[in-house]
1. In this structure, does residue A:24 turn out to be out of contact with any helix residue (DSSP H, G or I) (no Cβ under 6 Å at 6 or more places or on another chain) and farther than 30 Å from residue A:205 by Cα?
2. Can you pull out every residue in the stretch B:199-208 that is out of contact with any strand residue (DSSP E or B) (no Cβ under 7 Å at 6 or more places or on another chain) and at pLDDT 90 or above?
3. Could you please tell me which pairs satisfy a Cβ distance under 7 Å, a separation of 6+ or placement on different chains, a first residue in the stretch A:3-14 that is in a loop (DSSP other than H, G, I, E, B), and a second residue that is modelled with pLDDT of 75 or more?
4. Would you point out which residue out of B:258, B:264, B:248 is assigned by TED's automatic domain parsing to the domain that holds residue B:289, in contact with a helix residue (DSSP H, G or I) (Cβ under 6 Å, 6 or more places away or on another chain) and modelled with pLDDT under 80?
5. Report yes if some residue within the stretch B:299-317 is closer than 23 Å to residue B:223 by Cβ, touching a residue at least 60 places away in the same chain (Cβ under 8 Å) and not in a strand (DSSP E or B); otherwise report no.
6. Within the stretch A:238-252, does at least one residue satisfy the condition of being in contact with a strand residue (DSSP E or B) (Cβ under 8 Å, 6 or more places away or on another chain) and at pLDDT below 85?
7. I'm trying to understand the selection: among the residues of the stretch B:1-23, which are out of contact with any helix residue (DSSP H, G or I) (no Cβ under 8 Å at 6 or more places or on another chain) and touching a residue at least 24 places away in the same chain (Cβ under 8 Å)?
8. Could you say whether any residue in the stretch A:34-50 is touching a strand residue (DSSP E or B) at 6+ places or on another chain (Cβ under 8 Å), modelled with pLDDT of 85 or more and assigned to a helix (DSSP H, G or I)?
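The values are calculated or read from the model by the stated rules, or taken from the named source; none is laboratory data. Every value quoted in this text rests on a predicted model; they were computed, and no experiment measured them. Every residue, glycine among them, receives a Cβ derived from its backbone with ideal geometry; neighbour counts consider all protein chains shown.
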C-alpha cells in the first residue's frame with residue numbers, strides 16, 4: 001500500500017510518542033555521555049565540567065589499541081561463527097516439518113531467557129577440569145585425563161557464539177522461510193547437487209540478509225563484557241570490560257565515557273564500510 | 001527402446017495415493033501433454049520423472065536405462081517450473097549459463113552458448129540485464145532457454161504458461177511447439193488447459209484422480225474419447241443415455257439406425273459433440289425438441305434444445321445459421337458415425 005507523504009505538521013502526530021521516548025531514553029543519555037567524555041576527573045569525587053581532550057589522549061596508547069583490536073577481532077569472529085553455523089541450520093529448519101520448526105524455535109527462545117551470568121558460569125563448569133566435558137571424553141577413551149579448557153580464547157568464543165546464535169537464527173528464519181523452495185529444485189534439475197545448490201543459489205540469494213545478520217551479531221558481541229571476564233584471561237578482555245572497570249571500579253567516568261564514545265564511532269564506521277561495500281557489490 | 005518409459009508407477013503420500021499404476025511410453029522426440037484437473041496427480045508424475053519425488057513403486061527408464069533412483073542433478077534434464085524459479089541474484093546470461101557453469105564448461109564456450117540461446121528466444125543483447133527487469137513473457141523465454149542450455153535428453157515443463165495473459169499464452173504455445181519440433185527434443189508438459197494441450201502435443205495424456213484415463217493424439221482424444229470423464233473434460237459435449245436391444249440402439253426415445261453397440265450392452269452413455277448435432281425442421285428427424293436458449297457468439301451459435309427431458313447443445317457456424325428462436329420446435333438429427341459409445 002502506498003500512501004501520500006506527510007504534508008502538514010499534524011501529519012507527524014503519530015511520531016510524537018516514539019520520538020519522545022527515543023529522545024528521553026537514548027539521545028539525552030548519549031549526549032550526556034559525550035559531554036562527560038570531555039570533563040575533567042575529580043580524584044576526590046566524581047568529575048568537574050570542563051572541555052579537555054585528556055581522556056581521548058590517554059586512550060591513544062598501544063595498550064588500549066591492542067584491547068580495541070582484540071574486541072573487534074573477537075566480535076567479528078563471533079559474528080562469522082554464528083552465521084556459518086546458523087545459515088545451514090536455519091535453512092534445514094525452514095524445510096523441516098512445522099512441528100519440528102516450532103520445537104526448535106521454542107528451544108532457541110528459551111536460551112534467550114538465560115542471563116549472560118548463567119551462560120558464563122554454565123560454560124565455566126562445562127569447561128572445568130573436575131566436572132567438565134573432558135571427563136566424558138576420558139570415559140569414552142578419547143582422552144587420557146581431564147583438562148581445564150578455560151580460561152582460554154576458545155572458551156570465550158564458544159560461550160559468546162552460544163549466546164548470540166538464537167538471535168542469528170531468529171533474524172535469518174523469516175528470510176529463509178520466504179525463499180522460494182523451487183529455486184533449489186531448479187538448481188538441482190540444472191545439474192547442481194543439493195550442497196552445490198545451497199552454495200550457488202541459497203547463499204547468494206540471501207546475501208543482503210546474511211550481511212545484515214553479520215552486522216547485528218557483530219554489534220551484539222561487541223557489547224559483551226561478562227563472558228570474557230568469566231571465561232577468559234586478562235588478555236581476552238574486551239574494551240567493554242575496561243569501560244566497566246573504569247566506570248564502576250575506578251570511578252573514572254570521563255575516561256569510561258571517552259572509551260564508550262570511541263567504541264560507538266569505530267562500530268558505526270565499520271558498519272558504514274560494510275554497507276558501502278555491499279552497495280558496490282550489488283551495482284557490479 | 002529410446003525415449004522415456006514409466007512402468008507401473010505408484011506414488012503415495014501417507015494414506016493418499018496420488019498416482020496409481022501409471023504405464024506410459026514417450027517415444028524419443030515426441031511432445032506429450034499431461035492434462036487433467038488440479039489434484040489429478042499430473043504434477044506429481046512429472047516431479048517423479050525429474051527425480052524431485054521418488055515413486056513408492058515402479059520404474060522410470062530413459063533410453064532403456066533405469067533412472068528411478070538416479071538423483072535429479074545426474075539426470076541431464078531441463079525443467080521449467082510454474083513459478084519459473086529464475087535465480088534473482090543472477091543476470092539473464094548467468095541464469096542461462098548456470099547449468100554450464102555447474103558442469104565446469106569454459107567461460108568462452110558458456111558465452112557462445114548463451115548468445116546462441118538468446119538469439120533462439122529472440123532476446124539477443126539481454127545477457128547483462130537483471131531478471132527482475134524483464135516482462136512476464138521474457139522471463140518465460142529465459143526460463144526455457146536456461147532449461148535447454150545443456151541440450152537435455154528430456155525437457156519438462158510444469159504449467160509453464162499459466163502466469164501469462166491469454167494472448168501471450170496462445171503465442172507462446174505455438175512458439176514452444178515450433179521450438180520443440182526444431183530441436184527434436186523429448187518434451188513433457190503438465191497443463192490443465194485443454195486448448196494448450198491440443199495445440200502443442202503429439203500425444204495428450206488425460207489424467208484424473210491419479211490414473212491415466214486416455215493417452216492418444218489430440219484429434220483422437222476429441223473425436224473418440226474413451227470414457228465420460230475424457231469426453232466431458234475435453235471440449236463441450238452432449239452425454240446422452242442410450243438403451244439397446246437385439247434390433248438396434250435407442251437414443252432420446254428414437255432408434256438410431258446404424259449405431260453399433262458392443263454385443264451384450266443393454267444401456268450406457270454416448271457422447272455427441274455439439275457440432276455434430278444437426279437441427280432440422282420438426283418431422284424431418286427422428287427426435288423432436290424445443291429450443292430453450294440461443295447463445296449467438298458471432299463466430300459460432302450455440303442452440304440449447306430440450307428433448308425427452310434432456311438438454312442438448314448444438315453448435316453451428318454463422319453461414320449455416322439455423323433460423324430458430326426460443327420456444328420453437330425443432331428436429332434433432334444424429335449421425336451414427338458421430339456418436340461415441342463410452343465406457344461406463
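1. Working: out of contact with any helix residue (DSSP H, G or I) (no Cβ under 6 Å at 6 or more places or on another chain): yes; farther than 30 Å from residue A:205 by Cα: yes.
Yes; evaluated as a whole, the condition is true for this residue.
2. Applying the first criterion (out of contact with any strand residue (DSSP E or B) (no Cβ under 7 Å at 6 or more places or on another chain)) to the stretch B:199-208 yields B:199, B:208.
If the condition is that a residue be out of contact with any strand residue (DSSP E or B) (no Cβ under 7 Å at 6 or more places or on another chain) and at pLDDT 90 or above, then B:208 is the only one that fits.
3. A:6/A:12
4. Being assigned by TED's automatic domain parsing to the domain that holds residue B:289, in contact with a helix residue (DSSP H, G or I) (Cβ under 6 Å, 6 or more places away or on another chain) and modelled with pLDDT under 80 holds for just one of B:258, B:264, B:248, which is B:258.
5. Checking the stretch B:299-317: not a single residue is closer than 23 Å to residue B:223 by Cβ, touching a residue at least 60 places away in the same chain (Cβ under 8 Å) and not in a strand (DSSP E or B).
6. First pass over the stretch A:238-252, keeping only residues in contact with a strand residue (DSSP E or B) (Cβ under 8 Å, 6 or more places away or on another chain): A:252.
Among the residues that remain, those that are also at pLDDT below 85 are: A:252.
Looking for residues that are in contact with a strand residue (DSSP E or B) (Cβ under 8 Å, 6 or more places away or on another chain) and at pLDDT below 85, one finds at least one in the stretch A:238-252, hence yes.
7. Kept after step one, since they are out of contact with any helix residue (DSSP H, G or I) (no Cβ under 8 Å at 6 or more places or on another chain), are these residues of the stretch B:1-23: B:1-3, B:5, B:7-8, B:10, B:12-17, B:20-21, B:23.
Across the stretch B:1-23, the qualifying residues are B:1, B:2, B:3, B:5, B:7, B:8, B:10, B:12, B:17, B:20, B:21, B:23.
8. yes
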